[in-house]
Amino acid sequence: ATTRSFQVQEYRVPTFEVQVVAPAKARLDAPIKVKAVARYFAGGNVASAPIRWTVTQRPYAWQPKGLPGFLFASSSQFARPQAQRPQGATSQDGELDDSGASELPLNPQLDLDGSARVYHLEATVTGPDEQQVTSTAEVKALPPFALGLKLPRYLEKAQSLSPELVAVGIDDAPLAGQEISVKLIKRTWHSTLRETAFATGQPKYVTEQQDVPVAEKTWTSQAKPSGPVFELKD
């Protein structure tokens with residue numbers, strides 16, 4: 001038989017608590033304000049105590065809600081696949097100030113990969129009696145806006161085309177004042193017969209796609225879905 005010895009330390013009730021204050025959602029184009037505060041249960045701040053920040057991140061698929069029928073650009077359009085780095089944890093040591101607080105400089109702009117993500121924040125404070133207390137929080141870092149487009153998929157006869165455009169912010173509400181470039185493109189297909197061996201008896205066609213720009217307009221997003229009108233001449 002194999003035996004192992006171990007020792008269980010006596011549980012000590014923490015004398016202070018740690019709170020991590022961070023927004024639930026934040027934009028990727030601006031620094032994110034993150035703060036930790038440590039206070040004694042008996043009253044007073046835990047001043048000048050060591051604090052260790054640990055930050056991990058994971059990908060997040062963001063899709064705006066509340067606008068059925070709209071097709072949204074994937075948030076991965078802001079990403080640079082060549083700039084993606086393997087997931088890992090970054091740590092930073094610091095010290096609480098006289099008010100028992102510590103701020104973490106978290107700036108997504110420094111990361112070349114601009115795709116949506118979730119930051120997992122962990123703050124560990126070591127008290128005067130060498131007891132450690134940890135608190136966590138998560139922040140969803142999202143692109144500044146998502147671009148949505150709504151169009152009828154089939155029109156038997158039409159003299160004009162009126163697309164509905166919307167820019168949705170991180171709060172799932174339409175974002176007014178965003179300048180949008182809208183292009184109308186006519187797509188045609190041309191099929192040609194390719195020369196093949198007569199022994200097979202099967203003709204082979206080659207189809208080429210051609211996109212011809214028809215019109216381009218600039219539109220400013222509104223508080224409700226809206227868009228320009230394109231006249232269809234043919």
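Can you confirm whether Pro23 is part of a loop (DSSP other than H, G, I, E, B), modelled with pLDDT under 90 and either more than 30 Å from Val166 (Cβ to Cβ) or not aliphatic (A, V, I, L, M) (or both)? Taking the combined requirement at face value, the residue does not satisfy it. Closer than 30 Å to Ala89 by Cα and touching a Gly at 6+ places or on another chain (Cβ under 6 Å) - does that describe any residue in region 145-161? Within region 145-161, one or more residues are closer than 30 Å to Ala89 by Cα and touching a Gly at 6+ places or on another chain (Cβ under 6 Å).
Scanning region 71-106 for residues that are part of a loop (DSSP other than H, G, I, E, B), modelled with pLDDT of 90 or more and surrounded by 11 or more Cβ atoms within 10 Å (Cβ to Cβ) returns Leu96, Asp97, Ser99, Gly100. For beta carbons closer than 7 Å, sequence separation of 6+ or different chains, a first residue in region 6-17 that is surrounded by fewer than 10 Cβ atoms within 10 Å (Cβ to Cβ) and assigned to a loop (DSSP other than H, G, I, E, B) and a second that is of a type in the set (A, V, I, L, M) and modelled with pLDDT of 90 or more, there are no qualifying pairs.
Screening Lys140 against (1) under 29 Å from Tyr60 (Cβ atoms); (2) open to solvent by less than 60 Å² (accessible area, probe 1.4 Å) leaves a single unmet condition, (2). Selection of region 156-179 for residues being of a type outside the set (D, E, K, R) and farther than 27 Å from Trp62 by Cβ yields Ala158, Gln159, Ser160, Leu161, Ser162. Selection of strands (runs of 3 or more DSSP E) fully inside region 129-234 by the criterion of at least 1 residues being of a type outside the set (A, V, I, L, M, F, W, C), modelled with pLDDT of 90 or more and under 30 Å from Ala22 (Cβ atoms) returns 132-142, 146-150. Anything in region 161-172 that is over 20 Å from Lys140 (Cβ atoms) and open to solvent by less than 50 Å² (accessible area, probe 1.4 Å)? List them, or say none. Leu161, Pro163, Leu165, Val166 - these are the residues of region 161-172 that are over 20 Å from Lys140 (Cβ atoms) and open to solvent by less than 50 Å² (accessible area, probe 1.4 Å). In region 52-78, the residues that are farther than 20 Å from Gly227 by Cβ and of a type outside the set (Gly, Ala, Ser) reach residues that are at pLDDT below 85 and part of a strand (DSSP E or B) with C-beta atoms within less than 7 angstrom, at least six apart or across chains, in these pairs: Thr54/Ala89; Val55/Ala89; Thr56/Ala89.
Condition check for Thr54 on (1) part of a strand (DSSP E or B); (2) open to solvent by 40 Å² or more (accessible area, probe 1.4 Å); (3) not hydrophobic (A, V, I, L, M, F, W, C): one failure, at (2). Within region 61-70, is there a residue that is part of a strand (DSSP E or B) and open to solvent by 90 Å² or more (accessible area, probe 1.4 Å)? No, region 61-70 has no match at all.
Selection of region 109-136 for residues being open to solvent by less than 20 Å² (accessible area, probe 1.4 Å) and closer than 15 Å to Ala24 by Cβ yields Ala116, Arg117, Val118, Tyr119, Leu121.
The values are calculated or read from the model by the stated rules, or taken from the named source; none is laboratory data. In this text the structure is predicted, and so the values were computed from the model without any measurement. In this analysis, Cβ positions are derived from the backbone assuming ideal geometry, glycine residues included, and neighbour counts consider all displayed protein chains. Areas reflect the complete protein model, heavy atoms only, side chains present, ligands, DNA and RNA absent. Shrake-Rupley method; radii C 1.70, N 1.55, O 1.52, S 1.80 Å.
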